[in-house]
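Presented below is the structure to which this report refers.
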Amino acid sequence: MRSLELPALDKLILINHLTHLESLNQQTERVDEEVHSKASENEGVRLLLSMTGVDVYTALLIKSEIGSIDRFPDYKRLVSWAGLAPSLHQSGSITKQGSRMLRWIMVEAVIHNERRQGKSERAEQTWTPHPCTHARIGQRGTVVAHNI
């Protein structure tokens, strides 16, 4: 873009914007490196990173939302607290109690993993899931997170 033929003032503005973007990209890279460095020091985050579909930011969000895993005696309590347990209503819905962010990130991690494996892209085009499907997927991820 720097080689575009532009009037002098427009070229100066473009170069300033491009320089600013390059600076922001460098700053973002430095912050990412620091986040990765700090995250690798945390045993819980390292364990979460062993789950497929979980990257550093996902692991940090899961860890911050769950807090101390010791407060959950078993995975069923964690699943229930996360709001991913099936409700007792006949509609087949989930309770949606607990942490909205944890529910969201667990479902996203599993969907990301399925897409990476090529399982969902075609299915998404031809299939509309039951409302509980993604919740059940997130529930499985939460069970795995507890057992790690």
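The values are calculated or read from the model by the stated rules, or taken from the named source; none is laboratory data. Because the structure is a prediction, the values reported are computed rather than measured. Here the Cβ is made from the backbone with ideal geometry for all residues, glycine too, and neighbour counts use every protein chain on show.
Test residue 76 against the criterion of being basic (Lys, Arg), under 24 Å from residue 115 (Cβ atoms), in a helix (DSSP H, G or I) and modelled with pLDDT of 80 or more, and give yes or no.
No.
Which condition number does residue 9 fail, the rest of (1) farther than 22 Å from residue 108 by Cβ; (2) in a loop (DSSP other than H, G, I, E, B); (3) among the hydrophobic types (A, V, I, L, M, F, W, C) being met?
That leaves (2) as the condition not met.
Yes or no: residue 54 modelled with pLDDT of 70 or more and either in a loop (DSSP other than H, G, I, E, B) or of a type outside the set (Phe, Trp, Tyr) (or both)?
Yes, satisfied.
If you go through segment 82-101 one residue at a time, do you hit one that is modelled with pLDDT of 90 or more and surrounded by 13 or more Cβ atoms within 10 Å (Cβ to Cβ)?
Scanning segment 82-101 turns up no residue that is modelled with pLDDT of 90 or more and surrounded by 13 or more Cβ atoms within 10 Å (Cβ to Cβ).
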